[in-house]
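Here's the structure, in structure tokens; my notes come after.
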Amino acid sequence: ARPPPPSFDLPQLAVHALWWVWFPTFILSWDTLGLAGRVGMAVLGWAVLFWNYAVLHNHMHVSIARPRVAHWVVSRTLGMACGFPYRGYYIHHFNHHRYNDGPGDWGQRRPREGAIRYCLRSALSPWFWPFEAVPQVWRQASKRNQRRELVLDFLFVDGTLLALVLWRPALGLTWWAVLLVGQVCILWLNVAAHFETDSTQRDALGNTSTSRLYNLFFFNAGYHQAHHLKPQLPWYELPEVTRELAASSLVRPALITPLAPINPYWVARVVKRYSAEPCDRQPESTITSGTPSAVT
């Protein structure tokens, strides 16, 4: 039997701590920075946000801070770091795990929708046209005061953003821009992870990137096939489990790549393919619908 995850996942908490350094520094230094300094802080904030998303994603499945109070606090702050009201994103993400990018998945690309348009639409809609996403997550928020958490998280993320916009418009709008650009990049990861996958085939639910650098920095996020089959595994077990699954023919060789999802060649290939060909709707997947996915 594998040992249980630690009460505090220190490597991932260290990455999250970078946001706690960046965010107050971004606010407190704003008035003293020139244009170049502000742009530099925004770019740094985007990088910290993107890195924190790997932590947020893992935290939803295996808590990086297991004591109840610590888990609750980290959930809120990770959501804020990425601009996602935590409970809403949690519900949305586990809909994705239920349907594996097939019909029924709220985050699935639409027919004939290219990768870039998908990322832009999916990032902008919750901010400018939330009338589809919010009712979806509200109907599903039915356990352990989830609706209360959902309201709190929206107030926490959107309220802080609104307060900054009203207090220092340029500061608030710059942070909003950082969130939007970061979320477009996050949504790209979903496109890349499910490029040419098949929601009805157990060996083809996700791509597997064996890029050492990407997996080193992003906590083995490249092992997406193993993650979909065993979503409650901690990040450090995914390489070994991927090898075990491959030995059982549960990792399709055609969906293994040495490239990272952010490799320019991989990006160009996906963008070209999804821009040139219709996006056929996948059959509905219930392969992992009964698989425990996460902490609550």
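The values are calculated or read from the model by the stated rules, or taken from the named source; none is laboratory data. Just so it is clear, the model here is predicted, and its values are computed rather than measured. Positions of Cβ are generated from backbone atoms using ideal geometry, with glycine treated the same way; all protein chains shown enter the neighbour counts. Heads up: the accessible areas ignore ligands, DNA and RNA and are worked out on the full protein's heavy atoms, side chains in. Shrake-Rupley method; radii C 1.70, N 1.55, O 1.52, S 1.80 Å.
Working value for the chain: equivalent-ellipsoid semi-axes of 30, 22, 20 Å, each the square root of 5 times a Cα gyration tensor eigenvalue, largest first. Over the chain, accessible surface divided per residue gives 50 Å², non-protein components excluded, 1.4 Å probe. Simple rule: put +1 on each Lys or Arg Cβ and -1 on each Asp or Glu Cβ in the stretch 85-276, find the dipole, and look at Gln225, Thr160, Ser248; the Cα lying farthest toward the positive end is Thr160. In percent, rounded to a whole number, the relative contact order of the chain is 25, using alpha-carbon pairs under 8 Å and six or more apart. Share of carbon and sulfur in the accessible area of the chain stands at 64%, probe radius 1.4 Å. For Ile256, the residues whose amide H sits under 5 Å from its own are Thr208, ignoring neighbours fewer than 5 places away on the same chain, with H placed 1.01 Å from N. For the chain, the longest principal axis of the alpha carbon atoms and the long axis of helix 10-29 meet at an angle near 30°. To the nearest ten degrees, helix 35-61 and the longest principal axis of the Cα atoms of the chain are 40 degrees apart. Applying both filters, DSSP loop and at most 13 other Cβ atoms within 10 Å, to the trypsin sites (Lys or Arg not before Pro) of the stretch 77-165 gives Arg112, Lys143, Arg144. Here the stretch 85-276 is assigned +1 on the Cβ of each Lys and Arg and -1 on the Cβ of each Asp and Glu. Its dipole about the Cα centre then comes out at about 280 debye.
Given R0 = 25 Å, the distance between the Cβ atoms of Thr210 and Trp106 translates into a calculated FRET efficiency of 0.25. Relative to the longest principal axis of the Cα atoms of the chain, the long axis of helix 68-82 lies at roughly 80 degrees.
Computed per residue of the chain from DSSP H runs no shorter than four, each worth -39500 (n - 2.57), the mean residue ellipticity at 222 nm is -20000 deg cm²/dmol.
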